[in-house]
Amino acid sequence: MNTQTPHLHYRLLPADLSGHRFQITLTIAQPDPEGQVVSLPAWIPGSYLIRDFARQVETLSARSGRRALAVEKLDSQRWRIAPCKGTLVIEYTVYAWDLSVRSAHLDETHGFFNGTSVFLQPHGLEHLPCLLDIRPPEQHSDWSVHTSLPEATGLPGAAVRHGFGLYRAPDYDALIDHPVEMGTPQVITFQAHGAEHELVFTGVIPNLDLSRVAADVRAICEAQIAFFEPESKRAPFLDSAERYVFMTMVTGSDYGGLEHRASTALMASRSDLPVFGDRRQSEGYRTFLGLVSHEYFHTWHVKRIKPAAFAPYDLARENHTRLLWVFEGFTSYYDDLFLVRTGLITEAQYLEMLAKTINQVQTGPGRLKQSIAQSSFDAWTRFYKQDENSPNAIVSYYAKGALAALGLDLTIRQATGNSRSLDDVMALLWQRYGRDFYARDPQARNGLPEAAMPALIQEATGVDVGAAIAAWVEGTADVPLAELLAPQGIRVESKRPEHAAPVLGATTRKQGSDLVLRTVYEQGPAHEAGLSAGDVLVAIDGLRVTADSKLDELLSRYQSGQTVTLHVFRRDELRRFALALAAAPVAVKLSRTE
Ligand SMILES: [Zn+2]
């Protein structure tokens, strides 16, 4: 394109660092003659919750030449600008003070934004190419720009690598899928199968061992690229970008990630990242590598292979699909699997992580009420809106989805004498839906139909897993992992932890100096006794309980079956309950048989 080609022109200025405001100007040469409608997305793809990003728009005005145009708010997300003959210019400010991977954040140290928080969608013109002029903040000439969005090379004002200036996107859908980090982060780049990758760490992280992280992440990237493209070893993001960017915001205690077509935004805890010179591998660092592996896997699986319901995304409302168990569950299965396949963790460590997932799923009575297909569908209102009763009511399509993936993998391996596996299913998904996704015309981009999995697995492997999917995915049956793992030489033992204290059947949380019941498990001792989430524990058998009390220690003086007296405050009223303690729940342990 050149600057004369019809396009959408966005200009973004970090205008008020201490007030956390971006100032954005959108220029449209040929707006809708009936009056241009614009909106901000109600949600960000990958995070299935209505967030109404438009609520952070503080001011919005429109003009054509010198003439101010009337602006009418149509609903929570949309505005209509009065019709005009010439070029339409819309100016608006966005408040950006949400430290998460899902929206935007700006202060004196850095700026981060997702396009879904800052770029208005001009209805009817989403197909137009976009130019984005990222302006530097007045006070910080030392800031650099980190994004997978390609520079508008060849155009006047084009950004040079890591610089401010013009960037480009082929359409609105692409524009909002390349988040941007700016500031003075720690950066390292590496090549994986010839494709450029960049690691960007924002935040104060003394003596961060960047080259160790780069070497480990590179191993994950190369393994996944070779997994999906064993012959060409072509990185998937080369259809949209020249590089892949991992942008990590590092804080005291955060964790999370959000996938994009050529980048990912991550939150990590300082203590999870390796210190220069220390070769030990902490559990936190394994967790960080697992997160990296998870988000990178999404580059293929959900950013290109997608549920039909996401092709295209409807950004104005919830997009329901019963398939998140495939997209998040399979990804959760493969993320840790790639750590062991690349040798970053040992098999014993992998089995430990797997046992943790099994125990996590087993603990929730909700798994017997909701299937992972239902959990996928209701993600918007249930999984993403969890409360004290969620463990009793819902199941995680991540955790149980990962176990279903393992169960399917083992079923296929056993039925085919190890000649086929879930890897063949991923290969077929990639060839059929993913590989050409962005190469196709936007109207011809299709996704995985809701009911397609059983037939697709049979096509890829010759194995009919219809009954397994009906039971574990559409139904609430547990995945019979002990039975399925035995032929692989893995023993599953269910044991009560030795010397474990008996339990109340509830989790607790600190609230100021009090200890409060968080979740009361259905049919557990606390439930049977009449206790409730939110009850403030006062005493157990006359012994005071506070936020600092160690319940385990206190209860270890009792046997399961013994009855204790609990005093609690509920709505400030003192109440007394007799509770029969239960034995600690059994936990599974996995080990290799000789
Ligand atoms: Zn995910």
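The values are calculated or read from the model by the stated rules, or taken from the named source; none is laboratory data. Here the structure is a predicted model, which is why all the values come from computation and not from measurement. With ideal geometry, Cβ positions are generated from the backbone for all residues, glycine too; neighbour counts draw on all protein chains shown.
Could you please give the count of residues in the range 35-62 that are more than 16 Å from the ligand (Cβ to nearest atom) and either farther than 21 Å from HIS127 by Cβ or in a strand (DSSP E or B) (or both)? Before you say what the answer is, go through the steps one by one.
Of all residues in the range 35-62, those more than 16 Å from the ligand (Cβ to nearest atom) come to 35-42, 50-62.
From the residues that got through so far, the ones that are either farther than 21 Å from HIS127 by Cβ or in a strand (DSSP E or B) (or both) too are 37-39, 50-62.
Result for the range 35-62: 16.
Against the numbered list (1) in a helix (DSSP H, G or I); (2) more than 11 Å from the ligand (Cβ to nearest atom), LEU266 comes up short only at (1).
The residues listed here are GLY252, GLY203, GLY194, GLY165; of these, the one that is over 22 Å from ASP336 (Cα atoms), at pLDDT below 95 and not aromatic (Phe, Trp, Tyr) is GLY252.
For ASP436, the conditions (1) touching a helix residue (DSSP H, G or I) at 6+ places or on another chain (Cβ under 7 Å); (2) more than 24 Å from GLY364 (Cβ to Cβ) all hold with the exception of (1). Closer than 20 Å to PRO137 by Cβ, under 22 Å from the mean Cα position of the chain (by Cα) and not in a helix (DSSP H, G or I): is that true of GLU198 in this structure? Spelling it out, it is not the case that GLU198 is closer than 20 Å to PRO137 by Cβ, under 22 Å from the mean Cα position of the chain (by Cα) and not in a helix (DSSP H, G or I). Checked against the criterion of being of a type in the set (Ser, Thr, Tyr) and farther than 30 Å from ALA578 by Cβ, the candidates TYR433, TYR521 yield just one match: TYR433. Apart from one condition, MET249 fits all of (1) assigned to a strand (DSSP E or B); (2) of a type outside the set (D, E, K, R); (3) within 16 Å of the ligand (Cβ to nearest atom); the exception is (3).
Out of the range 425-452, which residues are out of contact with any Phe, Trp or Tyr (no Cβ under 9 Å at 6 or more places or on another chain), surrounded by fewer than 18 Cβ atoms within 10 Å (Cβ to Cβ), of a type outside the set (D, E, K, R) and over 19 Å from ALA405 (Cα atoms)? Answer for the range 425-452, where residues must be out of contact with any Phe, Trp or Tyr (no Cβ under 9 Å at 6 or more places or on another chain), surrounded by fewer than 18 Cβ atoms within 10 Å (Cβ to Cβ), of a type outside the set (D, E, K, R) and over 19 Å from ALA405 (Cα atoms): GLN431, ALA439, PRO442, GLN443, ALA444.
Residue-by-condition table, conditions (1) at pLDDT 95 or above; (2) away from the ligand (no atom under 11 Å from the Cβ); (3) of a type in the set (A, V, I, L, M, F, W, C); (4) not in a helix (DSSP H, G or I):
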residue: VAL292; (1), (2), (3), (4): yes, yes, yes, no
residue: GLU295; (1), (2), (3), (4): yes, no, no, no
residue: LYS303; (1), (2), (3), (4): yes, no, no, yes
residue: LEU315; (1), (2), (3), (4): yes, yes, yes, yes
residue: ASN319; (1), (2), (3), (4): yes, yes, no, yes
residue: SER332; (1), (2), (3), (4): yes, no, no, no
residue: LEU344; (1), (2), (3), (4): yes, yes, yes, yes
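If the condition is being buried (at least 24 other Cβ atoms within 10 Å of the Cβ), assigned to a helix (DSSP H, G or I) and away from the ligand (no atom under 16 Å from the Cβ), then the range 392-410 contributes GLY407, LEU408.
Cβ separations smaller than 7 Å between residues 6+ apart or across chains give the following pairs from the range 170-186 residues that are buried (at least 23 other Cβ atoms within 10 Å of the Cβ) to residues that are assigned to a loop (DSSP other than H, G, I, E, B) and of a type in the set (A, V, I, L, M, F, W, C): LEU175/PHE119; ILE176/PHE119; VAL180/LEU149; MET182/TRP143. Here ARG11, ARG67, ARG55 are screened, and the one residue that is of a type in the set (Lys, Arg), crowded, with 16+ Cβ neighbours inside 10 Å and modelled with pLDDT of 95 or more is ARG11. Scan the range 386-393 and give yes if some residue there is within 23 Å of VAL586 (Cβ to Cβ), in contact with a helix residue (DSSP H, G or I) (Cβ under 8 Å, 6 or more places away or on another chain) and among the polar types (S, T, N, Q), otherwise no. Within the range 386-393, one or more residues are within 23 Å of VAL586 (Cβ to Cβ), in contact with a helix residue (DSSP H, G or I) (Cβ under 8 Å, 6 or more places away or on another chain) and among the polar types (S, T, N, Q).
When you check VAL326 against the structure, is it under 16 Å from GLN224 (Cβ atoms), under 20 Å from the mean Cα position of the chain (by Cα), of a type in the set (Val, Ile, Thr) and outside any loop (DSSP other than H, G, I, E, B), yes or no? Here the answer is no, as VAL326 does not meet what is asked.
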